[in-house]
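Peer 1: Before I ask anything, let me first share the structure, which is written out below as structure tokens.
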Amino acid sequence: MPKSHSDSDMMRAIKSEVEKLPPPEFCPPELLEEVFKILQNHQYHLNRDRSRDLITRLIESKDWG
Amino acid sequence: MVELLNWTSYRGRHHFNFYSKSGLNGYSIFGENSRGKTSFTDAIQWVLYGEAWTKAIIDSNQTETKKRRPIVSADETDDPLLNVHAYREGDFDLMVKLHFDHEGERMILTRTADTDKPRLPTDKNITELLFLHNKTQDTKHQGGEVQIFIDTLLPKSIRRFFFIDGESVNEYRALIASTEENLEIRKNIEDILNFPILKKGIQDIISVKNQYRTLQTKLASDTKKNRNLSEKIKKCDIEISNIQRIFDRFEDDSKIAKSKVSKLESEIQDHSSSEKLMDKRKGIVNQKSSIKNSLDSLYSRRKSENKHLWLYFLQPSLQNKIKEIEPKIAVSSELNHNISSLFNKISHLQGVILEDESPCSQCGAKPHKRDEKGKKQDLDKIKFMQNEMVESKLQLDSMESIKILFSKIKDFKNLNRIKEIIKIENNIGELEGKLIELNDQENEVERLLDGIDEKTVAKLREKLKKERVSVGYLEGNLLRHQKLIDEQNVQKSIHKRNLIGSDGSVESDLLLRKIKSIEWLENIWNNVIYDYSDKTRELIQSRASETFRSLTNNPNGYHALNLNQGFGLRILDSNSRPVASPSPGAQQVAAISLIDALRQTSDIEFPILFDTPGASIDQGHRNNIINHFWSKRDVQLIILAHSGEFRPDEVEKKHVKLLAKTWELKFDDNQNTTTIHPRVI
């Protein structure tokens, strides 16, 4: 069972990278962690259609205005 | 809790209940060889992945071979999953059930083998069924979706880090440094370290970015199209505005003209009685003109008829003369007939004499051939008829003047025009009467119109006529321009309908924001991939070294473990030099240390099932391993040990503060089944 992603070393590494390279101002702040969660849940799936579809849906669900 | 039904050596129903109020995570299942320890771990792997394997056998070439265990077989050496005794006795029910908590919800995962009971089943006619019951939400699932769920619990590719077999150290030898990298195990390590989040993730992010790029290209094309359409719409608007201006001007002029018409109509209304009289007079004049024309024609006809009027008076004498001449005319006609008949006869006889065989034109008979006497008679006849014909002609000539007279008199015989003349006279009288009447009416109208300024009225009428023409012209122009405006509006609406969304600028901006954000994610992922592998390797190396030092009996003899880029493992001696030939015990401890470090670094939480952890290592290492793993509070560790490596009493006594539960497995020869005996509860 996956641990909470915020505990993971990888998430820490990603967050450290985000400090160096901040997101564009219009990028929803939660996007990165939500994309990470999708990729974490689908990391062992060979068929990538589902994860790609979920990322697209996630992006479309955000307010970009 | 793990429930088993006819699972390998477990004949009938059995269960292990791992629930403990102690909060401890140390579990142990003791048992001699072939008592069902490995079968227990196989049961958990089967319920998760639908497969179980025999232990690896190493041949003389150090090659490991293992085979997949069949579900059913009557032969014990095949290691079937269905208990052999149950199978032999016709009991084909096979089931493994796992009760567990996941994200605060109680789950029951069940895998069964569905058999065709009346027949002795083989693996070919057995269907495996997989069910998941979420007891908290009371939802049930089965088949493929359950398997997908299992993949999120513990992906198959990394199970080797959670189902550890101490007797199969060779499986982990590849973890120990060698010149050749073991690609499969390296991939498994990458999997457990969640590298797919980065490696597969970056492909996903790029794929999503490309989808949006495609959209952007399409939108750009749409925007170009939209821009053209917007230009056209703008042109339509300008055109409509221009036409509208002209329309408005015409409308203003039309209003003025209509107002003038209305005013003139009102003025003319005051002269309506005079106008009526003038119209009446006009009508009278027209009627008079028409009657005069008719009269002129009648006068002319009467004059012509009067010329032949004398014939009327000659009619009686003409009739008498005709009566007198008619018998002579009849004689003349008879003479003509005789002459014609004589002529034909003469011609015929002349032909006969000349031996012409043509038939007679009168009777159609062919002539007899004449002898000389006959010919002479014929000639006499001809002479006689010729004389007769001459006489008739003379008589006819004498009647020629009578024939001419008759023909002239006959022309006048039917010229009775008197009735026609009377009719004309009547018409003339009637029309002349009407004319007088109209003259009277005209005089009356003239009298009524006396003193009225007819010119003013006529001028008004003329003016009104002109203004009406003007209104007509303006109305026509209004209609024409309205039609032009309508046409432009139709064009405009067609262009508007073809517009995609708006003019595309808003969509384009939003799309650009999305793409920039995805590109930012891509950059983050790329940067993390670049150095996360190294950092993780260093972290695992550090964690594995720490574990190794706590597990080894000779912490001063070893400095650390070293991991190369391919996660190959080396044991470094106290001088930080690689140990050339580490002992099997050291290798196993190093492998266990690495597995533990990988598991710690991974984000997967799953109980560890450590089968015969003491194989290849001495008692000191065994105690260290138990101490190390059972001390961990974050994960359940189930050790499956045989008495050769761990004595249950000693272990339970020594690690009483770490143990949650222990069991001992025995075999009941009477029942032909493994029996489970709880020890520490």
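Peer 1: Can you give the average number of partner chain beta-carbon atoms within 10 Å of each beta-carbon in peptide B:533-546, as a whole number?
Peer 2: Values: counts 0, 0, 5, 3, 0, 0, 2, 1, 0, 0, 0, 0, 0, 0.
The mean count of partner-chain Cβ atoms within 10 Å per residue comes to 1.
Peer 1: Would you please give the residues with an amide H less than 5 Å from that of B:R69, counting only those at least 5 places away or on a separate chain, with H modeled from the backbone geometry?
Peer 2: The answer is B:A52, B:W53, B:T54.
Peer 1: Over all residues in A:49-57, what is the mean tally of Cβ atoms on other chains that come within 10 Å of each residue's Cβ? All intermediate terms of the calculation are to be shown ahead of the outcome.
Peer 2: On the way: counts 2, 2, 7, 7, 3, 2, 9, 7, 0.
Mean shielding by partner chains, rounded to a whole number: 4.
Peer 1: Once you order the gyration tensor axes a ≥ b ≥ c over the Cα atoms, which shape class does chain B get: rounded for a/c under 1.5, otherwise prolate or oblate by comparing a/b with b/c?
Peer 2: Here chain B falls in the prolate category.
Peer 1: Any chance you could give the angle, 0 to 90 degrees and rounded to 10, that helix B:619-630 forms with the longest Cα principal axis of chain B?
Peer 2: Between the helix axis and the principal axis of chain B, the angle is about 40 degrees.
Peer 1: Sticking with this one: Helix B:272-307 versus the longest principal axis of chain B: what angle, 0 to 90°, nearest 10, using Cα atoms?
Peer 2: Result, in degrees: 50.
Peer 1: Which log10 I(q)/I(0) values does the protein assembly as shown give at q = 0.06, 0.07 Å⁻¹ under the Debye formula, counting every alpha carbon as one identical point scatterer?
Peer 2: -0.65, -0.78
Peer 1: Can you tell me the FRET efficiency between B:E652 and B:E32 if r is taken as the Cβ-Cβ distance and R0 is 22 Å, rounded to the nearest 0.05? Each step should come with its number before you reach the end.
Peer 2: Details: r = 17 Å, r/R0 = 0.78.
About 0.80, to the nearest 0.05.
Peer 1: Next question, about the same structure. For a 32 Å ceiling on Cα separation, which of these pairs sit above it: B:K282/B:K466; A:K15/B:K55; B:K234/B:K258; B:K282/B:K423; B:K373/B:K393; A:K37/B:K140? List each step's numbers first, then the result.
Peer 2: Numbers: B:K282/B:K466 21 Å; A:K15/B:K55 43 Å; B:K234/B:K258 35 Å; B:K282/B:K423 30 Å; B:K373/B:K393 30 Å; A:K37/B:K140 25 Å.
Table pairs above 32 Å Cα-Cα are A:K15/B:K55; B:K234/B:K258.
Peer 1: If you add up the charges near B:L435, with Lys and Arg at +1 and Asp and Glu at -1, over every other residue whose beta carbon is less than 12 angstrom from its beta carbon, what do you get? Let's see the in-between values first.
Peer 2: Details: positive: B:K288, B:K292, B:K434; negative: B:D296, B:E430, B:E432, B:E437, B:D440, B:E442.
Summing Lys and Arg as +1 and Asp and Glu as -1 gives -3.
Peer 1: Okay, moving on. Apply the a/c threshold of 1.5 to the C-alpha gyration tensor of the stretch B:1-91 and tell me whether it is rounded, prolate or oblate.
Peer 2: On the way: a/c = 2.17, a/b = 1.25, b/c = 1.74.
Note, shape of the stretch B:1-91 comes out oblate.
Peer 1: Cα-based Rg of the stretch B:503-570 per 2.2 N^0.38 Å, rounded to two decimals?
Peer 2: Working: Rg = 22.3 Å, N = 68, 2.2 N^0.38 = 10.9 Å.
So the stretch B:503-570 has a normalised radius of gyration of 2.04.
Peer 1: Ok, one more. For the stretch B:248-297, what value does the Rg/Rh ratio take when both radii are computed over Cα atoms and Rh is the Kirkwood radius, given to two decimals? It would help to have the intermediate numbers written out before the result.
Peer 2: On the way: Rg = 19.0 Å, Rh = 13.8 Å.
In the stretch B:248-297, Rg relative to Rh is 1.38.
Peer 1: Taking +1 at the Cβ of each Lys and Arg and -1 at the Cβ of each Asp and Glu, which of B:Y212, B:V390, B:N672 sits farthest along the dipole of the protein assembly as shown towards its positive end, judged by Cα position relative to the Cα centre?
Peer 2: About the Cα centre, the residue reaching furthest to the positive side is B:V390.
Peer 1: Right, here's the next one. Would you kindly state how much longer the chain becomes between B:E103 and B:N575 on full extension, computed as 0.36 nm times their sequence separation minus their alpha carbon distance, in nm to one decimal?
Peer 2: On the way: separation 472, 0.36 × 472 = 169.92 nm, distance 4.67 nm.
That works out to 165.3 nm of additional length.
Peer 1: Turning to a different aspect of this structure: With contacts defined as alpha carbon pairs under 8 Å and 6 or more residues apart, what's the relative contact order of chain A in percent? Can you show the working numbers first?
Peer 2: Working: 21 pairs, mean separation 21.9, N = 65.
About 34 percent, as a whole number.
Peer 1: On average, how many beta carbons from a partner chain sit within 10 Å of the beta carbon of a residue in B:192-204?
Peer 2: Going residue by residue through B:192-204 and averaging, the value is 6.
Peer 1: In addition: Among B:W53, B:W663, which comes first, then next, by fewest other beta-carbon atoms within 10 Å? Walk me through the intermediate numbers first.
Peer 2: Numbers: B:W53 13, B:W663 22.
Ascending Cβ contact count within 10 Å gives the list B:W53, B:W663.
Peer 1: Going by a ≥ b ≥ c, the root eigenvalues of the Cα gyration tensor, does the stretch A:5-61 fall in the rounded group (a/c under 1.5), the prolate group (a/b larger than b/c) or the oblate group? Provide the component values of the computation, followed by the final result.
Peer 2: Working: a/c = 2.61, a/b = 1.28, b/c = 2.05.
It comes out oblate by the Cα gyration axes.
Peer 1: How much length is gained if the chain between B:K135 and B:K258 is pulled fully straight, taking 0.36 nm per residue apart and subtracting their Cα-Cα distance, in nm to one decimal? Intermediate values should be presented prior to the final figure.
Peer 2: Working: separation 123, 0.36 × 123 = 44.28 nm, distance 8.82 nm.
Going from the current span to full extension adds 35.5 nm.
Peer 1: Convert each backbone phi in the stretch B:655-664 into a coupling constant with the Karplus relation 6.51 cos²θ - 1.76 cosθ + 1.60 (shift: θ = phi - 60°), then list the ³J(HN,Hα) values in order as whole Hz, x for Gly and Pro.
Peer 2: Listing the rounded values in order: 10, 4, 7, 9, 8, 8, 8, 9, 9, 10 Hz.
Peer 1: If you don't mind, another one. Over 26 Å between C-alpha atoms is what I'm after, so list which of B:K37/B:K97; A:K62/B:K516; B:K37/B:K187; B:K67/B:K97 land there.
Peer 2: Values: B:K37/B:K97 17 Å; A:K62/B:K516 14 Å; B:K37/B:K187 29 Å; B:K67/B:K97 24 Å.
With Cα atoms farther than 26 Å apart: B:K37/B:K187.
Peer 1: Something else about it: In whole Hz, with x marking every Gly and Pro, tabulate ³J(HN,Hα) for the stretch B:325-335 from phi via Karplus 6.51 cos²θ - 1.76 cosθ + 1.60, θ = phi - 60°.
Peer 2: Whole-Hz 3J(HN,Hα) from phi for the stretch B:325-335: 7, 3, x, 5, 5, 5, 4, 4, 5, 5, 4.
Peer 1: Where the only charges are on Cβ atoms (+1 Lys, Arg; -1 Asp, Glu), what is the dipole of the protein assembly as shown about its Cα centre, to the nearest 20 debye? Write down the numbers at each step before the final one.
Peer 2: On the way: 116 positive and 114 negative charges, 670 e Å.
With only Lys, Arg, Asp and Glu charged at Cβ, the dipole is about 3220 debye.
Peer 1: If I take every Cα pair under 8 Å that is 6 or more residues apart in chain B, average their sequence separation and divide by the length, what percent do I get for the relative contact order?
Peer 2: Details: 865 pairs, mean separation 171.2, N = 681.
Relative contact order for chain B comes out at 25 percent.
Peer 1: From the phi angles alone, apply the Karplus equation (6.51, -1.76, 1.60; θ = phi - 60°) to the stretch B:574-586 and give each ³J(HN,Hα) in whole Hz, x where the residue is Gly or Pro.
Peer 2: Working through the residues one at a time gives 4, 9, 6, 9, x, 6, 5, 10, x, 5, x, x, 5 Hz.
Peer 1: Right, another one. So what's the back-of-envelope 222 nm ellipticity for chain A, counting only DSSP H runs of four-plus at -39500 (n - 2.57) apiece and dividing by all residues, rounded to 500? Each step should come with its number before you reach the end.
Peer 2: Details: 3 runs with 36 residues, N = 65.
When only DSSP H runs of four or more count, the value is -17000 deg cm²/dmol.
Peer 1: How far, in degrees from 0 to 90, does helix B:454-498 lean away from the longest principal axis of the Cα atoms of chain B, to the nearest 10?
Peer 2: Compared with the principal axis, the helix lies near 30 degrees.
Peer 1: Continuing with this model, one more query. Please list, in chain and number order, the residues 5+ apart from B:L499 or on another chain whose amide H is under 5 Å from its amide H, with Hs placed from the backbone.
Peer 2: Under 5 Å from the amide H of B:L499: no residue qualifies.
Peer 1: Next up: Report, by chain and number, residues whose modeled amide H sits under 5 Å from the one on B:D114, excluding near sequence neighbours (fewer than 5 apart, same chain).
Peer 2: Sorted by chain and number, the residues that satisfy this are B:T127, B:E128, B:L129.
Peer 1: I want to check the label-to-label distance for B:E388 and B:K292. Put each point 7 Å from Cα in the C-beta direction and report it in nm to one decimal.
Peer 2: 7.6 nm
No lab work stands behind these numbers, since they all come straight from the coordinates. Predicted model, so just to flag it, every value in this text is computed and none were measured. Ideal geometry is used to build each Cβ from the backbone, glycine not excepted, and the neighbour counts take in all protein chains shown.
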